[in-house]
1. Among the residues of the range B:274-293, count how many are of a type in the set (Phe, Trp, Tyr) and at pLDDT 90 or above.
2. Condition (residue is outside any helix (DSSP H, G or I), away from chain A (no Cβ under 13 Å) and under 26 Å from B:Thr180 (Cα atoms)) applied to the range B:237-246: is it met by at least one residue?
3. Return the total of residues in the range B:253-288 being touching a Phe, Trp or Tyr at 6+ places or on another chain (Cβ under 8 Å) and among the aliphatic types (A, V, I, L, M).
4. Which of the residues belonging to the range B:408-440 are in a helix (DSSP H, G or I) and open to solvent by 10 Å² or more (accessible area, probe 1.4 Å)?
5. Could you tell me which residue of the range B:308-317 is nearest to A:Gln331 (Cα to Cα), considering only residues that are open to solvent by less than 10 Å² (accessible area, probe 1.4 Å) and more than 7 Å from chain A (Cβ to nearest Cβ)?
6. Quick one: how many residues across the range B:120-134 are open to solvent by less than 50 Å² (accessible area, probe 1.4 Å), out of contact with any Asp or Glu (no Cβ under 7 Å at 6 or more places or on another chain) and either of a type in the set (Gly, Ala, Ser) or at the interface with another protein chain (Cβ under 7 Å from one of its Cβ atoms) (or both)?
7. Please determine, by comparing only the residues of the range A:84-118 that are without any contact (Cβ under 8 Å) to a residue 40 or more places away in the chain and facing chain B (nearest Cβ under 8 Å), which one is farthest from the chain's Cα centre (by Cα).
8. Pick from the range B:289-301 the residues that are touching a Phe, Trp or Tyr at 6+ places or on another chain (Cβ under 9 Å) and more than 18 Å from B:Arg116 (Cα to Cα): which of them is nearest to the other protein chains (Cβ to nearest Cβ)?
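The values are calculated or read from the model by the stated rules, or taken from the named source; none is laboratory data. Remember, it's a predicted structure, so these values are computed and weren't measured experimentally. Neighbour counts are summed over all protein chains in view; Cβ atoms, including those assigned to glycine, are modelled from backbone coordinates with ideal geometry. Ligands, DNA and RNA are stripped out before the accessible areas are found, and what is left, the full protein with its side chains, is counted by its heavy atoms. Shrake-Rupley method; radii C 1.70, N 1.55, O 1.52, S 1.80 Å.
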There are 2 protein chains.
Amino acid sequence: MFPLPQKECRETATCLGLASTQDMGHYCRGDVEGECSRRAELKLPELCGVGDPTAMFSSASSCLSSRGRVIKWFWDSAEEGYRTYHRDEYDEDKNPHGVVNLGISENKLCFDLLSRRLTQSDMLRVEPPLLQYPDWRGHLFLREEVAKFLSDYCKSPAPLKAENVVVLNGCASVFSALATVLCEVGEAFLIPTPYYEGITRHVYLYGNVRLAYVYLDSEVTGQDTCPFQLTVEKLETALQGARSEGVKVKGLILINPQNPLGDIYSPGELQEFLGFAKRLPDPQRTHVLWGMSKDFGMSGLHVGTLYTENQDVATAVASLCRYHGLSGLVQYQVTQLLRDRDWINCVYLPENLARLKAAHTYVSEELRALGVPFLSRGAGLFIWVDLRKYLRKATFEEERLLWRRFLDNKVLLLFGKAFECKEPGWFRVVFSDRPQRLRLGEQPPVLPLARVRWSPPVQHRRSQPSLLLLRDAEGPPGA
Amino acid sequence: MFPLPQKECRETATCLGLASTQDMGHYCRGDVEGECSRRAELKLPELCGVGDPTAMFSSASSCLSSRGRVIKWFWDSAEEGYRTYHRDEYDEDKNPHGVVNLGISENKLCFDLLSRRLTQSDMLRVEPPLLQYPDWRGHLFLREEVAKFLSDYCKSPAPLKAENVVVLNGCASVFSALATVLCEVGEAFLIPTPYYEGITRHVYLYGNVRLAYVYLDSEVTGQDTCPFQLTVEKLETALQGARSEGVKVKGLILINPQNPLGDIYSPGELQEFLGFAKRLPDPQRTHVLWGMSKDFGMSGLHVGTLYTENQDVATAVASLCRYHGLSGLVQYQVTQLLRDRDWINCVYLPENLARLKAAHTYVSEELRALGVPFLSRGAGLFIWVDLRKYLRKATFEEERLLWRRFLDNKVLLLFGKAFECKEPGWFRVVFSDRPQRLRLGEQPPVLPLARVRWSPPVQHRRSQPSLLLLRDAEGPPGA
């Protein structure tokens with residue numbers, strides 16, 4: 001059997017996202033720090049809703065199909081910050097006035113370790129099968145290694161099986177394929193918000209599947225609760241809400257650690273949520289996604305895996321793998337990496353963890369010193385920061401203005417609306433970057449968000465955008 | 001401007017598939033050899049038709065969506081030969097009685113050259129951007145190199161531009177993305193048959209786009225015609241036929257070299273076909289696909305590229321690239337390869353060409369000696385073989401029986417029905433494998449298809465399946 005939480009549901013299927021296997025338990029799951037447990041200024045009544053990914057859509061492209069125009073619009077609108085960053089990336093030597101990226105959830109702390117390992121001579125083997133069309137589920141040697149890796153690091157009571165593993169080019173692709181083979185057009189998955197917005201596109205662009213939101217908020221209602229807490233009651237409300245809109249819900253998406261909250265669901269919570277979906281966990285309707293982007297800091301490698309005991313689902317996803325295939329050379333390299341337990345256990349994991357801890361500690365201490373409230377949870381590469389007090393009004397328009405102010409000042413963040421957060425003013429700050437990026441190479445160290453704390457708005461670094469922001473940080477933007 | 005044929009169309013768009021850039025012009029485009037120019041035994045009246053990819057569909061999977069069941073069914077049905085081969089691959093040392101693969105269109109002749117080049121030390125560079133989320137259109141360094149490569153080897157009058165290049169994980173993915181962004185659900189592309197059947201899935205599984213067939217046949221009707229010749233009249237007939245079925249045609253797919261025929265369209269022919277689509281070529285509606293699988297014998301690397309001057313199309317496809325991304329490490333390696341013109345021009349291309357010629361010559365001479373008719377065209381990795389005289393009746397059921405007989409006897413071919421050929425009895429034989437596979441390591445050399453020519457049905461190699469077939473080859477199967 002399987003140590004990962006399993007679920008079942010009536011006519012439904014569940015995607016459980018595992019974004020991290022390393023032990024980060026020493027980050028304790030706490031309450032909201034600072035002021036963020038206070039009630040939102042604007043009380044929003046809705047507790048559920050089904051997303052319309054194209055609500056804001058407009059386009060005039062004549063050559064494209066109607067869905068092609070929607071697909072293009074997603075790129076044009078959603079990727080703005082991302083593309084701004086790529087046009088002007090901060091580099092301490094080559095572009096010291098470029099955009100500092102605290103928005104994209106990547107672990108950039110261990111390039112040195114990864115680069116050293118990936119350039120060892122064992123990585124350069126090129127056997128004929130690696131250059132040929134493969135088994136589209138992934139080469140057997142890789143699926144075997146993924147099964148072993150997950151068995152060991154997720155501590156499964158019985159070994160996981162290679163036949164249940166399908167390898168794709170990233171978890172985005174797994175979402176796309178799963179949504180398509182599990183849902184009809186227009187059906188939905190439940191998802192607690194705030195959530196990583198990319199999933200909207202992953203299930204919609206090809207699959208035309210929607211998300212039914214389970215809105216969580218920062219209010220703490222009792223001793224045993226915490227901000228943005230998911231409960232079975234909220235799931236039930238959202239399910240009924242979707243049904244009342246005529247939308248069929250086919251499954252529940254749970255991301256672990258939660259993104260952007262950084263929560264790890266406890267085993268007890270997971271059992272409850274799976275129980276909500278059906279009364280007994282059903283491995284045939286529980287599908288687990290795991291990717292290497294976060295745990296190994298290699299989002300550019302594009303390695304995503306699906307583990308499912310349902311062979312119909314595995315086969316249907318495999319049938320789509322022709323469009324989500326991973327190069328044979330990369331499959332080989334990843335296998336070598338997963339096989340090298342000495343390196344993983346003695347080099348990579350301890351060092352990665354130590355660096356994550358240091359970066360997290362640095363950023364959270366800076367935030368505390370600034371008086372910026374935030375959630376300090378157990379995992380993830382990000383901190384969920386409460387900037388509500390810096391909005392003139394509790395609106396998403398104001399939130400976006402604040403976001404643009406950051407971006408104009410060369411700091412890329414993601415705003416809460418992108419995560420479908422119901423309370424305007426929350427931002428996700430990614431902390432898993434090298435110290436010189438977080439501190440901009442200064443002494444004493446300065447967080448881009450908070451530079452004003454350490455020095456007056458000096459003139460010699462005018463193009464350091466964070467300065468402007470930080471002045472603003474003492475009052476509402478534009479004040 | 002662009003040396004590759006360009007087209008335009010009224011409300012349409014065209015995908016031009018370039019499967020080969022190397023000069024293979026010394027293979028002359030000839031008429032059908034042997035008997036295959038005789039009229040088909042069964043005269044089929046239809047000249048057009050719109051494919052229903054799910055016509056044969058049946059499934060009982062309960063967990064999947066209706067489209068998920070169709071997607072799974074495609075895997076279950078279409079991949080049978082492929083999976084049989086992968087379960088029991090021929091290997092001269094480890095599995096000498098395994099399945100010989102003459103069915104999958106791969107160039108396996110240059111593993112030694114590729115392996116030597118891909119393991120040189122310059123391939124092992126790991127820079128941080130390669131491990132991060134990239135520009136989803138592909139890293140700029142690769143898009144620049146693809147533009148240069150296509151400019152040079154396709155002899156464009158003006159340099160092609162990196163901004164018009166999108167890199168995906170294989171041409172199958174380019175088809176999937178293009179079909180989705182250009183067509184509404186249920187619309188169609190025209191395609192001449194026989195054609196590589198994978199395209200059915202590529203445009204249908206995600207995009208729900210269909211193919212409107214332009215049926216070609218082997219009959220030679222005049223001095224200037226050749227078997228399976230495409231003409232504007234046939235395109236017009238098919239277009240009208242699709243319209244009469246209420247199907248909107250959005251484009252024309254041309255594969256160059258044609259698969260399975262091995263034809264290269266002449267510039268004059270291409271101008272005619274593009275003129276059919278609209279009266280003047282329109283770069284904004286001409287989209288060119290090029291992949292490295294065939295030209296570089298690296299299908300396992302999954303590198304496909306789109307070249308389009310239409311930025312709306314490029315952007316919409318880029319928006320789907322999240323699901324068709326190529327690992328940064330592979331993007332770097334491919335760039336190194338494309339950059340190394342000394343290796344390409346002085347090592348790879350001449351040696352690859354010489355080996356392809358030798359293999360083609362060997363297989364075609366064997367076929368001639370056997371009295372098996374076939375098409376000897378100008379390019380490709382395959383020969384289109386006419387086995388109609390070995391069918392008891394001119395039906396696709398008989399064709400499939402013959403195919404299974406090959407497979408049962410450990411020879412994987414593809415039958416004509418898979419290419420939507422209207423005449424039962426044609427098979428595609430891939431010749432681009434190493435001599436020991438084509439000859440099974442025997443002296444004198446023996447083609448698996450033709451072993452009986454060289455020796456009586458001896459007992460010492462009973463499990464060499466070709467023996468059975470070859471006995472059958474002297475009369476209809478089962479006779």
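1. Going through the range B:274-293, the residues of a type in the set (Phe, Trp, Tyr) turn out to be B:276, B:290.
Pick out the ones that are also at pLDDT 90 or above and you get B:290.
Within the range B:274-293, residues that are of a type in the set (Phe, Trp, Tyr) and at pLDDT 90 or above number 1.
2. Yes, that holds for at least one residue.
3. 5
4. Step one: filter the range B:408-440 for residues in a helix (DSSP H, G or I), giving B:408, B:416-419, B:435-439.
Residues satisfying the conditions are B:Asp408, B:Lys417, B:Ala418, B:Pro435, B:Gln436, B:Arg437, B:Arg439.
5. Taking the candidates together, the pick is B:Val317.
6. Initially, the range B:120-134 is screened for residues open to solvent by less than 50 Å² (accessible area, probe 1.4 Å), giving B:122-124, B:126, B:128, B:130-134.
Filter once more, keeping what is out of contact with any Asp or Glu (no Cβ under 7 Å at 6 or more places or on another chain): B:122-124, B:126, B:128, B:130-131, B:134.
Going one step further and asking which of them are either of a type in the set (Gly, Ala, Ser) or at the interface with another protein chain (Cβ under 7 Å from one of its Cβ atoms) (or both), we end up with B:123-124, B:126, B:128, B:130-131, B:134.
Adding up the residues that qualify gives 7.
7. Out of the qualifying residues, it is A:Ser115.
8. Among residues in the range B:289-301 that are touching a Phe, Trp or Tyr at 6+ places or on another chain (Cβ under 9 Å) and more than 18 Å from B:Arg116 (Cα to Cα), the one nearest to the other protein chains (Cβ to nearest Cβ) is B:Leu289.
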